[in-house]
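Only one structure is covered here, and it is reproduced in the block below.
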Amino acid sequence: MRKGSLLFCVFLIAVALCSIILARGWAFKAALFPLSVSVPLLVLATIQLLVVIVGKPETSGSAEMDVDFSTDVAPDEVRRRVLGIFAWIVAFIALVYLLGFPSTVPLFIFLYLKFQSAVSWLSSVIAAAITWACFHMLFQSLVHIQFEAGAIQTWLGM
Amino acid sequence: MFDAFIDGLFLVLQWKAFSLMLVGMSLGFCVGLLPGIGGAATLALMLPFVFKMSPAEAFAFLLGMHSVAATTGDITSVLFGVPGEAISAATVVDGYPMAKRGEAGRALGAALMSSLMGALIGAVALALAIPIVRPLVLTFGSPELFMLSLIGISCITSLSGSSTRAQIKGFAMGLLGLLVSTVGQDRQSGSQRFDMGLMYLWDGLDFVPVLVGIFAIPEIIDLAVRGTSIAGDRPPENLSRGVLEGVKDTFRHFWLVFRCSVIGVFVGILPGAGGGVAQWMAYAHAVQSAKNSKEREGFGKGDVRGVLGPGAANNSKEGGELIPTVAFGVPGSGAMAILLSGFLIMGIMPGPDMLTKHLTITFSMVWTLAIANVITVLLCLLVLDQLAKLTYVRGSLIIPFILLLVFVGSYTANGQIADLIVTLIFGLLSYVMVLFGWPRPPFVLGFVLGKVIETYLFISMNRYGFAWLAHPIVMLLTAVLVAVIAYPYVQQRRQRLARGASA
């Protein structure tokens, strides 16, 4: 927890420093606002870093005005599940890039339900088909959103 | 005037106008549920359909659709932690934790009933304010709007928690939000800032991919980690009783709902501020209204007042936004700018004529806002039981559909894969923020207000130099700003003294 807080403070300090360095190369009007935000950010992040290093450890890890994550699962299992869902999210974006949205939607729903949720083949296929139909009706026919073709379709000239 | 008021009602109740309003409401209902596709985008898409309609029919259709989208946007915020609209983000902060606690019915009941109250107060404000609002709008120039934005950002003190450490973290997050809002081309000098050589960033970061990432991704990760339903392993709540409890909460905290509605109307009247600001100011006001630290503790963890405040402000601001649009042709937001084109398509010129020649049409808008929201909320209350049951569906079954909603929603911002990557990046940042106890609401407030603050500051400086600091309203707003910042500290000090005295 303390290590994570330290790293986040360092991240904020790095962001503020980068902003200050970059802003020095801009016109005065363009640099004024980012500089007037970055400098206090640098100061506050440094104070927080010092507080984390020399101050008393925080009693609670969560922010006072924000949600808490559940603490019922063992840390190793948490790490495994976080990596798992993160991999699914990245896979979704990669599929959209390769195949485009309209093809990704049923494929992703099917793959997730079948291999992550352990749903039967038939139910997964039906859910994917219904989702595709809803997606097509709502986003393509009704709202007319233009979805980019996937890289594979573009490459194949489809 | 009274005749025009009644005639306005009959205009809306004519079968064709009423049917079109119902069609518009159905569209608005769907759009409100889908993250990313805002009411403004749908207004633009539906504009070509109003050419053959009469003015009363067209406004019943367009306003019915737009006002309902704000109401139903709260539903996904509560159920899945995914803001249905950018203006429903604040509802996530307390609405979703309530759903996780097995109180989805209560949160939805509160969100919808406060939305209805807000919409009705906004409609009344529209009806009453048109003749008297002119001086207010004309008095607020860039300096005053800049000060008002600063008051908005000062709400960070209320959104950060009470301890010194929490305040440092809150302000740091607010500053980070302000910094992120500066990405893209500077409007004053034309310089590109933090664009990393990417054309995608030239226009800056869109609200939708950032907000959806900030609120939805950590919740999806947490849902996957827990491996349960959204409501966990708790026994299902008595949904009807929960919804009724939420409705009762609205009346238990009626004055809070009323005050937040007034905040929404006021922010709506002022051009450029928009619902993104109104909801957070209302949320901060709800937090400030807590009498002591014990009462404040619940905010962010599932306090119903955190749902009531933003819910009311979101909808009342619709009436507020219509005031300058109708009275002067000055649109208060993107959606109102599109509605303004609807006026022109109908051959109606907003301005003094709307208070004389077209007064009946003006009042028909008031009635549309009121009737559309009453019908929507009543229909929603009937099906809320079924909607709330979604929070008891196994997480692994619901996650792919939530992911789909999240990413389709963020894709609609610019229609590029980069929107999805932005959502992922801010989602991960948000996950880390929650993990290490850095509050997200101040970040969002900074991000939403950043552009507005910078623009008004530069216009003020270019137009008046430093002389704007001496404007009477600026000085008055400065005093309000100091009061807003100091209030939580004064409140804490008072409580400490009271505790000391009782000990």
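The values are calculated or read from the model by the stated rules, or taken from the named source; none is laboratory data. Source: prediction; values computed, not measured. As a convention, Cβ positions derive from the backbone with ideal geometry for all residues, glycine included, and neighbour counts pool all protein chains shown. All accessible areas refer to the heavy atoms of the entire protein, side chains included, with ligands and DNA or RNA removed. Shrake-Rupley method; radii C 1.70, N 1.55, O 1.52, S 1.80 Å.
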Legend entry - Test: B:Met349 is touching a helix residue (DSSP H, G or I) at 6+ places or on another chain (Cβ under 9 Å), more than 30 Å from A:Gln116 (Cβ to Cβ) and in a loop (DSSP other than H, G, I, E, B): yes
Legend entry - Unmet criterion (only one of (1) open to solvent by 20 Å² or more (accessible area, probe 1.4 Å); (2) more than 9 Å from every other protein chain (Cβ to nearest Cβ); (3) farther than 30 Å from B:Val432 by Cα; (4) touching a helix residue (DSSP H, G or I) at 6+ places or on another chain (Cβ under 6 Å)) for A:Leu98: (3)
Inset, instruction - Specify the residue that is farthest from B:Ala290 (Cα to Cα); the eligible residues are those in segment B:470-488 that are open to solvent by 40 Å² or more (accessible area, probe 1.4 Å) and free of Cβ contacts under 8 Å to residues at least 12 places away in the same chain. - result: B:Ala470
Legend entry - Of all residues making up segment A:32-43, the number that are facing chain B (nearest Cβ under 8 Å) and more than 25 Å from the chain's Cα centre (by Cα): 2
Inset, instruction - Name the one entry in A:Ile109, A:Ile93, A:Ile53, A:Ile21 that is over 22 Å from B:Ile168 (Cβ atoms) and more than 10 Å from chain B (Cβ to nearest Cβ). - result: A:Ile21
Inset, instruction - Run down B:Ser410, B:Ser430 and say which single residue is out of contact with any Phe, Trp or Tyr (no Cβ under 9 Å at 6 or more places or on another chain) and either assigned to a helix (DSSP H, G or I) or surrounded by 24 or more Cβ atoms within 10 Å (Cβ to Cβ) (or both). - result: B:Ser410
Legend entry - Residues within segment B:382-398 that are more than 7 Å from chain A (Cβ to nearest Cβ), surrounded by fewer than 22 Cβ atoms within 10 Å (Cβ to Cβ) and assigned to a helix (DSSP H, G or I), tallied: 10
Inset, instruction - Quick one: count up the residues across segment B:147-170 that are touching a helix residue (DSSP H, G or I) at 6+ places or on another chain (Cβ under 6 Å) and either open to solvent by 20 Å² or more (accessible area, probe 1.4 Å) or outside any helix (DSSP H, G or I) (or both). - result: 6
Inset, instruction - State all residues of segment B:449-488 that are aromatic (Phe, Trp, Tyr) and assigned to a helix (DSSP H, G or I); if no residue qualifies, say none. - result: B:Tyr456, B:Phe458, B:Tyr464, B:Trp468, B:Tyr487
Legend entry - Selection from segment A:135-158 of residues that are among the hydrophobic types (A, V, I, L, M, F, W, C) and within 10 Å of another protein chain (Cβ to nearest Cβ): A:Phe135, A:Leu138, A:Phe139, A:Leu142, A:Val143, A:Ile145, A:Phe147, A:Ala151
Inset, instruction - Kindly establish whether B:Met336 is in a helix (DSSP H, G or I) and either within 25 Å of B:Pro48 (Cα to Cα) or modelled with pLDDT under 80 (or both). - result: yes
